[in-house]
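A quick write-up on the structure given underneath.
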C-alpha cells in the first residue's frame with residue numbers, strides 16, 4: 001500500500017509539473033505569398049493575400065527553450081503577373097514542429113519543419129470571374145522550413161514568420177508554344193505571415 005501511495009504521489013507531482021509548463025497559443029493572421037517556378041520563363045507570379053488560423057501547444061524546456069507543435073490552416077497561392085499566368089488559391093493544413101528560444105522574457109526566435117497537406121485548390125484565368133475548384137495543378141503534400149520571431153506582452157503575442165518550400169509541388173506537365181514538354185519545371189511555395197495570438201496557461 002505504501003508503494004502505491006508513493007507511486008501515486010510521484011505521478012501526481014510529475015503531472016502537475018508538466019501541466020505547469022504547458023500552454024496553448026491561439027493565433028490568426030495574414031498571408032502574403034506566391035509560388036516560385038523554375039525553368040518556366042513565361043510564368044510570372046505576384047504575391048497573393050490570404051489568411052491563416054493556428055493552434056500552438058507549447059511546452060517549456062530547460063534553458064529558455066520551448067517545444068511547439070503548431071497546427072495551422074492556411075490559405076495561400078499567387079496572383080498572375082502577366083496574361084499567360086493564372087490566379088491560384090491553395091488551402092493547406094500545416095503541421096509544424098518547432099523549437100523556440102526565448103530571451104528577455106519578451107522575445108522568442110523559433111524554427112521548424114513545415115509539413116503541408118493540400119486540402120483544396122482553385123485556379124482561374126485573370127480574364128474570367130469564376131474559380132475552377134478541385135483542380136489538380138499541385139501535389140497532395142508540401143514540405144518546407146519555417147523561421148519566425150514572436151514578441152509577447154502579457155499573454156498577447158505578435159508574430160512574423162516565413163515559410164519557404166523545399167519540395168516541388170508541381171503535378172502537371174507544361175509545354176512550349178510548339179506543344180513539346182518542358183523538362184525540369186519545379187514549383188515551390190513562399191509565404192510571409194503576420195499574426196496576433198493569445199496564450200492560455202503558463
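Read-outs: derived from the displayed coordinates by stated rules, not from any lab. Since we're looking at a predicted model, the values are computed, not measured. Note: ideal-geometry Cβ built from the backbone for every residue, glycine included; neighbour counts use all protein chains shown.
Here is how the numbers come out for the structure above:
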{"read-out": "Over the chain - Rg/Rh using Cα atoms and the Kirkwood inverse-distance radius", "value": "1.13"}
{"read-out": "Most mobile listed residue (75, 187, 21) in the chain, GNM with C-alpha springs under 10 Å", "value": "21"}
{"read-out": "Overall form of region 122-172 per C-alpha gyration tensor (a/c, 1.5; a/b vs b/c)", "value": "oblate"}
{"read-out": "log₁₀ of I(q)/I(0) at q = 0.10, 0.12, 0.16 Å⁻¹ - region 62-177, Debye sum with one point per alpha carbon", "value": "-0.42, -0.56, -0.83"}
{"read-out": "Relative exposure of 74, 157, 171, judged by other C-beta atoms within 10 Å (fewest first)", "value": "171, 157, 74"}
{"read-out": "Mean Cα-pair separation over length for the chain, i.e. relative contact order, pairs under 8 Å, 6 or more apart, %", "value": "22 percent"}
{"read-out": "Folded to 0 to 90 degrees: helix 2-21 orientation relative to the chain principal axis, Cα", "value": "40 degrees"}
